[in-house]
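Please read the structure below before turning to the comments.
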Amino acid sequence: MGDHPTNHATHNTQRAAHPASLLAHIRRTIERYDLLRPGDRVVVGVSGGPDSLCLLHLLVQLREPYRLALHVAHLNHRLRGAEAKADAAFVARLAADWGLPCTVEAVDVAAHAQARRLSVEEAARQARYTFLARVAHRIGATTIAVGHNADDQTETVLMHFLRGSGLAGLRGMLPKTPLGEMRLGAPLPAPDLVLIRPLLEVPRAAIEAYCAAHGLEPRFDRSNLDTTYFRNRLRHELLPLLEQYNPRIREVLRRTASVIAADYQVLEAVREAAWRRVVRQETDEAVQFDRAGWQALPLALQRATLRQAIHWLRRALRNIDFVHIENAIAVALQGEVGAQATLPQGLMLTVEPETLLVADADYRPPPPDWPLLWREEPLPVALPGETPLPESDWLLEATWLEAWDEAVFHNPDRWTAYVAGEAITGSLFLRRRRPGDRFCPLGMGGHRVALADFLTNAKVPRRWRDLLPLLVVGEQILWVAGWRLDERARVTPTTRRVLRLRFRKRSR
């Protein structure tokens, strides 16, 4: 992504105020932010208003030096009846007069808004960018140019501030943005599309002066006067009021956005490093943080990584409520195992023994690569021999050892156990846990504990505890597979005969 305007912004805005200098200014903007490369195929969004008309006129002049292939695209939102049809006809006629290919389409934005429960403004935004992406994909373009100007930037920053936004929103718009970051509610036809805003540092007054100086006659959109739209109320009511307190409020807001954008680049780099450190799992269905690692992060990075997890799982979501994040952080820091916090759009944060899980409320993760018992009936163990686990790739291999060495006392494999032959007083079975199960964990001097408490303290994930194989003789548990032998099954120097039990994958 190109640099965001920082110290350049105010000076460049002033230099762009004269129509004669606007073309040179746009060329500098293009070079500074790497907006265009020679030979680019560019879709230009043209509404017919002054901004897009000025942009198209400038790009036509740059067509030869940059060897650009320009394609005009116009979307009728069907919100203004005959006026909107006239706008579409105007753009099509203009493109033909200037010798440019053109695509004009129409979409019922009001119906789209109602069907998806969106504001008309958001529905129009989604429809417009989706249309531009579709046109770009069809003609093989990788760049889409739109006419957002410096006053649009001012309004955007103020709008995000009033609605409540993190640093990402307070940056405002960027000169160059991957279209995939626009959160349009649907997958893009091409993932590598880039949106550019060459006029982002140019005030609206300079654009209107340019149009007048070059004899351009843009269309007038009456809906821009409709103060039922939030942005229009900012433009016509709030900003003039704020200018009474500070006549340079527009410049102040843009400068603030530039400073935040530069700071945000630093935070992004730090956040990505933190993400790589604390994320254990990252799929389309779930994000799992290392619990201790995440809890050790500074508050800013806890917020940032949670937001990133939500955006990863809900890629069309634009706004995340501050209250959701703060509540989730409190639960993640203070909640007991099993505690949950509600997140946007059906997501849930769940505290697990060693991890924090962000996923759908009804998410069921795939089982770990462990030997698990998927059937409730006890499974007789072949002794000696191999016992396949039903509905599993695993089997239990049981082998009598007539001779052994010190290796039995230093076993590094959690799925292998050495059991004293004296403990085998009857038939062996594998079974799942039952209410009231108790055993004597090796290393606790024969002290009996509840199996449920042991599994909790051992941080065995709750959802897999009922499937964990227990090796039993009669009612006595000899081995909690993968975790601990019973004290009474341990091998000692006086043990005469040893049973080696090893879970392994079946040969394919």
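The values are calculated or read from the model by the stated rules, or taken from the named source; none is laboratory data. It should be emphasised that the depicted structure is a prediction, and the values quoted were computed from it without experimental measurement. Please note: Cβ atoms are built from the backbone with ideal geometry, for glycine as well, and neighbour counts cover all protein chains shown.
See the values below:
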{"read-out": "Pairs where the first residue, in the range 62-84, is assigned by TED's automatic domain parsing to the domain that holds Leu35 and the second is among the acidic types (Asp, Glu), C-beta under 6 Å, 6+ apart", "value": "Leu68/Asp40; Leu75/Glu105; Arg78/Asp108"}
{"read-out": "Filter result (surrounded by 14 or more Cβ atoms within 10 Å (Cβ to Cβ), under 18 Å from the mean Cα position of the chain (by Cα) and either at positive phi or assigned to a loop (DSSP other than H, G, I, E, B) (or both)) within the range 159-189", "value": "Ser165, Gly166, Arg183, Leu184, Gly185, Leu188"}
{"read-out": "Matching residues in the range 108-158 - criterion: being assigned to a helix (DSSP H, G or I), of a type in the set (A, V, I, L, M) and buried (at least 19 other Cβ atoms within 10 Å of the Cβ)", "value": "Val109, Ala113, Ala123, Ala124, Ala127, Leu132, Ala133, Val135, Ala136, Ala150, Val157, Leu158"}
{"read-out": "Check on Thr350, of a type in the set (Ser, Thr, Tyr) and either closer than 30 Å to Ala316 by Cβ or not in a loop (DSSP other than H, G, I, E, B) (or both)", "value": "yes"}
{"read-out": "Members of the range 318-351 found to be at pLDDT below 85 and among the charged types (D, E, K, R), listed by number", "value": "Arg318, Asp321"}
{"read-out": "Single residue of Arg314, Arg271, Arg231, Arg235 found to be out of contact with any helix residue (DSSP H, G or I) (no Cβ under 9 Å at 6 or more places or on another chain), of a type in the set (D, E, K, R) and surrounded by 13 or more Cβ atoms within 10 Å (Cβ to Cβ)", "value": "Arg314"}
{"read-out": "Test: residue in the range 145-158 that is among the hydroxyl-bearing types (Ser, Thr, Tyr), closer than 30 Å to Pro38 by Cα and touching a residue at least 40 places away in the same chain (Cβ under 8 Å)", "value": "no"}
{"read-out": "Within the range 206-226, tally of residues that are within 38 Å of the chain's Cα centre (by Cα) and over 17 Å from Leu59 (Cα atoms)", "value": "6"}
{"read-out": "Hits in the range 446-488 - residues which are farther than 21 Å from Pro412 by Cα, surrounded by 20 or more Cβ atoms within 10 Å (Cβ to Cβ) and without any contact (Cβ under 8 Å) to a residue 40 or more places away in the chain", "value": "Leu451"}
{"read-out": "Given (1) part of a loop (DSSP other than H, G, I, E, B); (2) of a type outside the set (Phe, Trp, Tyr); (3) surrounded by fewer than 18 Cβ atoms within 10 Å (Cβ to Cβ), index of the condition Pro198 fails", "value": "(3)"}
{"read-out": "Identity of the residue in the range 359-411, in a loop (DSSP other than H, G, I, E, B) and among the polar types (S, T, N, Q), that ends up modelled with the lowest pLDDT", "value": "Asn411"}
{"read-out": "Lone qualifier among Thr6, Thr13 - being surrounded by fewer than 22 Cβ atoms within 10 Å (Cβ to Cβ) and either at pLDDT 95 or above or not small (Gly, Ala, Ser) (or both)", "value": "Thr6"}
{"read-out": "Selected residue (criterion: farthest from the chain's Cα centre (by Cα)) from residues of the range 415-442 that are free of Cβ contacts under 8 Å to residues at least 40 places away in the same chain and in a loop (DSSP other than H, G, I, E, B)", "value": "Gly436"}
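Residue by residue, here is whether (1) closer than 26 Å to Met182 by Cβ; (2) out of contact with any Asp or Glu (no Cβ under 7 Å at 6 or more places or on another chain); (3) surrounded by 15 or more Cβ atoms within 10 Å (Cβ to Cβ) holds:
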position: His324; (1), (2), (3): yes, yes, yes
position: Ala330; (1), (2), (3): no, yes, no
position: Ala341; (1), (2), (3): no, yes, yes
position: Gly346; (1), (2), (3): yes, no, no
position: Pro353; (1), (2), (3): no, yes, yes
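To keep it simple, each residue is scored yes or no on (1) at pLDDT below 90; (2) among the hydrophobic types (A, V, I, L, M, F, W, C); (3) surrounded by 15 or more Cβ atoms within 10 Å (Cβ to Cβ).
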{"residue": "Asp413", "(1), (2), (3)": "yes, no, no"}
{"residue": "Ala420", "(1), (2), (3)": "no, yes, yes"}
{"residue": "Arg433", "(1), (2), (3)": "no, no, yes"}
{"residue": "Gly436", "(1), (2), (3)": "no, no, no"}
{"residue": "Met444", "(1), (2), (3)": "yes, yes, no"}
